[in-house]
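Asks: The structure is given below, and queries will be raised subsequently.
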Amino acid sequence: MKRILKITANVLLVLACLFVALIIFLLAYYSMQSKQIAKQKQDLSQNMQTRVIQADTIVTSAGVLNLLPVPQSFRFNLGTFRMPEEFICSISDSLKENAVSLFEMFPFKISFSGRKANLVISADEAIPSQGYKLDIQPEKILLSYADNAGFHYALTTIKVLNQNYNGIIPCITIEDHPDLPVRGLMVDISRNKVPTLNTLKQIISLVADLKYNHLELYVEGFSFGYPSFSQLWKDKETPVTCEEIKILDSLSRKCFIDLVPNQNSLGHMMAWLSLPEYAGLAECPDGYKFMGLIDMKATMDPTNPGSLDLVKKMTDDMLPCFTSSKFNVNLDEPFELGKGKSKKAAQKLGVEGVYLDYTLKIHDMVSSKNKEMLMWGDIVMRHPEILKKLPKDVTILDWGYEAGYPFERNCKTLEKSGISYMVCPGTSSWTSITGRTNNMLGNIASATVNGVRYNASGMLLTDWGDMGHWQYLPVSYAGYVTGGALSWNSKSSKEFGLVPFLDHYVFKDDRQIMGNLVLDLGQYRQFEEVPVPNMTTTMLSLQFGLMDNVMIHAIYEKISSSIIELMKDLAPELITDYNDKYNSRHPFDFSGMYTFLDEKEALLKAADMKTPDSTLVLDEYLNAIRLLRTGTTLQHYIENRNDLKPGERKAELSRIRILLDEYLNENNRLWLARNKEGGYDTSISVLKNLQNQITKEIETMDKSYISRMLARFREKIITSAAVIYITKIA
């Protein structure tokens, strides 16, 4: 018995020694990491001294014509045309009835009396499709058009000129038609935020004036109210209903917009796979670590017949609500594909073979509904050999959201394949709070210029809502305007009147502040340190919460290496650009950021908008600035907290808490002004968690010195262990 006790005591002593050694190692590791970060910050400070802040790609003028899209050709003539209270139309009897119906969507009073006409209308088959001509003279306007769409766009041009020139339009001759036949916008109505019917009508009205003719509402999960699955979303979600879609579909047709159904069919199926009824369809039922960091269960098993059965049933619910002949089935980002249940099939056919087999089955389903299939092109562009095996009536949607995305290379490949394709840039507003202006401009310009050059069938501008969909709708307006302008006339990409158009038409700001202001607010990333693609670190900081600085640096390092791995397959051209930005980065310029936000807030309050929702727009931007301040102050606290005294730490934490409380109180009201209530709690859950973290941290600051030291001791050990796991194991 004594021998057993002695052995046990020795074992416990050894374990205790090992435990102490482990604690010492973890503390030493934390100290080493902290010193490396401090040294890195010191080295990066040299870049701060040579940094030049500039808006290098913003274009703000286009001669003296305040009209977007810029017409293909125009010339100014002498005189002005004063908009009449009533248009007296001269038109042939054969065209009159059709013309009356086309006028219904415009705020023009018209008549066909025998008085002297001030609007002479004629059809002209020589004008390109969707094209028109306008000769605006002092006493009348001569309007000729190619087809009904051309007539609609001619009236749209008159409407916009009337607004921008306060009813006194310069005499001008315009000959116009679009570069790209299809000019589309995809709005994310998932990711927590489902717009109200009125908000969606407002979007349609805006993009119609920008001459878009294609609109998609991105659906994943239950943002569309599937009748056959009502038990899964009723009293839990507030989706767009089929009845609402039919209203939007009718409105869109009147505006010459094709409202195209959109539904996930393979990846992004998290909401479905999280339910017991469909958990068995998951490719990886136990989950998958994306980038070694993010737990996800998003992709269906394409080899399971039940996956296709589910998609068919969803499709049967959705398609009857739309009149469009097209259907976007998505099929993008199946990250787990070939890593779970389909692994055996992937070993035999290759991951691309498994993907192609499932895609062809989806195509058969779409064809049986007499629809043309649209699908994202990320997997196809990784495996271009698939292009030869796809049916020719499929349209590939080539998406890329960085300014340096290789649209030219991909457009060449897609044109050569003979398959129909669209270029798909983004608004750059998601995961950024107030946008990324220069990236947005460069991304859309690259997509449209190369799309036109290599015969794309169109452009689809994407407006996503990742990480809670925190950007307010007006943040995306500059992207909407740019996408509409450049997909219509890509030659205007070097110089188009974005700022005056935003001032006069979008925000109706008599003081002409908002145009420059919204673009400038989309440049706050210039003050940040890490150039993370597709988002900003201020956005990420709010997602991370109250996390140790050593841990955050480890995460950024992991993200950086994972981004490079992802780029290798899809866009290797982006790696050099990313590395250059990463290696030339500078420490976060907190002082510059605070000054920047103060200046923009003062300008915002001086604006004089006259839109029906001008008060709402003002409040949305003020609250967005408040969230930027919250994220900036949080980052400052995390980076400097070891140098702060307990009282200073408590004061800064209290400041963050006040900003966050104010933001959330206002955000709830602003959310409900444009969106349905479902999804709101999920959207702000990380911010609620941050509130709780700050409260606990403040409580810790009020405890004794020993309690504070023990808490910090424990945090360092946990952080070191987590960092080792992330960098060495995951």
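The values are calculated or read from the model by the stated rules, or taken from the named source; none is laboratory data. These numbers were taken from a predicted model, which means no experiment stands behind them. Glycine also receives a Cβ, built like all others from the backbone with ideal geometry; neighbour counts cover every protein chain displayed. Keep in mind that these areas ignore ligands, DNA and RNA; they rest on the heavy atoms of the full protein, side chains included. Shrake-Rupley method; radii C 1.70, N 1.55, O 1.52, S 1.80 Å.
Asks: Students sometimes get this wrong: rank Asp613, Asp702 by accessible area, probe 1.4 Å, all chains present, largest first.
Replies: Values: Asp613 30, Asp702 100 Å².
So the residues, ranked largest to smallest area, are Asp702, Asp613.
Asks: Let me ask you something else. Between the alpha-carbon centers of the range 542-589 and the range 649-682, tell me the distance in whole angstrom.
Replies: Their Cα centres are 28 Å away from one another.
Asks: Right, something else. Take the alpha carbon atoms of the range 217-248, find their center, do the same for the range 338-355, and report the distance between the two centers in whole angstrom.
Replies: 33 Å
Asks: Still on this model: Express as a percent, rounded to the nearest 5, the fraction of DSSP beta bridges in the chain (both residues included) that run antiparallel. Provide the component values of the computation, followed by the final result.
Replies: On the way: 23 of 62 bridges.
About 35 percent, rounded to the nearest 5.
Asks: Quick one: the Cα spread of the range 261-304 along its three principal axes, in angstroms, biggest first?
Replies: Computed over the range 261-304, the largest-to-smallest principal extents equal 32, 23, 19 Å.
Asks: While we're looking at this one, here's another question. To the nearest 10 degrees, how steep is helix 305-318 against the longest Cα principal axis of the chain, on a 0 to 90 scale?
Replies: Helix 305-318 and the main axis of the chain meet at about 40 degrees.
Asks: Hey, could you get me the Stokes-Einstein D for the range 280-403, Kirkwood radius over alpha-carbon pairs, 25 °C and 0.890 mPa s, rounded to whole µm² s⁻¹? The partial results should precede the final answer.
Replies: Details: Rh = 15.4 Å.
After rounding, the answer is 159 µm²/s.
Asks: Assigning unit charges at the beta carbon (Lys, Arg +1; Asp, Glu -1) and nothing else, what dipole magnitude in debye, to the nearest 20, does the chain show about its Cα centre?
Replies: On the way: 79 positive and 84 negative charges, 430 e Å.
Here the chain has a charge dipole of around 2060 debye.
Asks: In terms of Cα to Cα distance under 18 Å, which lysines are near enough to Lys343, apart from those fewer than 8 places away along the same chain?
Replies: Lys289, Lys297
Asks: For Lys416, list the lysines whose Cα falls under 28 Å from its own Cα; do not include residues on the same chain fewer than 8 positions away.
Replies: Straight-line reach from Lys416, under 28 Å: Lys326, Lys361, Lys371, Lys388, Lys389, Lys392, Lys491, Lys494, Lys568.
Asks: When percent of Cα pairs over 32 Å apart is calculated directly from the model, which label among (1) 79; (2) 58; (3) 68 fits?
Replies: (2)
Asks: Which whole-number percent of Cα pairs in the range 569-677 have a distance greater than 20 Å? Could the numbers behind the result be given before it?
Replies: Numbers: 3485 of 5886 pairs.
Cα-Cα pairs of the range 569-677 separated by over 20 Å account for 59 percent.
Asks: Another one. Run the lone-cysteine check on the chain: no other Cys C-beta under 4.7 Å from the residue's C-beta.
Replies: Cys17, Cys89, Cys171, Cys255, Cys284, Cys411, Cys424
Asks: Past the 30 Å Cα-Cα mark, which pairs from Lys339/Lys558; Lys211/Lys313; Lys193/Lys600?
Replies: Values: Lys339/Lys558 21 Å; Lys211/Lys313 34 Å; Lys193/Lys600 27 Å.
Table pairs above 30 Å Cα-Cα are Lys211/Lys313.
Asks: Positive end of the charge dipole of the range 423-507 (Lys, Arg +1 and Asp, Glu -1 on Cβ, about the Cα centre): tell me which of Tyr454, Leu441, Ser493 has its Cα farthest that way.
Replies: Checked the options; the winner is Tyr454.
Asks: Could you give the C-alpha radius of gyration of the range 132-195 expressed as a fraction of 2.2 N^0.38 Å, taking N as the number of residues it contains? Before the final figure, lay out each step's value.
Replies: Working: Rg = 16.2 Å, N = 64, 2.2 N^0.38 = 10.7 Å.
Taking N as the residue count of the range 132-195, the ratio is 1.51.
Asks: Still on this structure, please answer the following. Roughly how many Å is it from the Cα centre of the range 370-444 to that of the range 85-139, as a whole number?
Replies: 38 Å
Asks: Beyond 21 Å, what share of the Cα-Cα pairs of the range 160-304 is found? Please give it as a whole percent.
Replies: Working: 6007 of 10440 pairs.
Percentage above 21 Å: 58.
Asks: Excluding residues on the same chain fewer than 8 positions from Lys703, give the lysines whose Cα lies under 17 Å from its Cα.
Replies: Within the straight-line cut-off, Lys703 pairs with Lys645, Lys650.
Asks: Work from the charge dipole of the range 216-314 (Cβ charges, +1 for Lys and Arg, -1 for Asp and Glu, about the Cα centre) and give the residue of Ala282, Ala271, Pro261 farthest towards its positive end.
Replies: Pro261
Asks: How large, in percent, is the carbon and sulfur part of the accessible surface of the chain at a probe radius of 1.4 Å?
Replies: For the chain, the apolar C and S fraction of the accessible surface comes to 54 percent.
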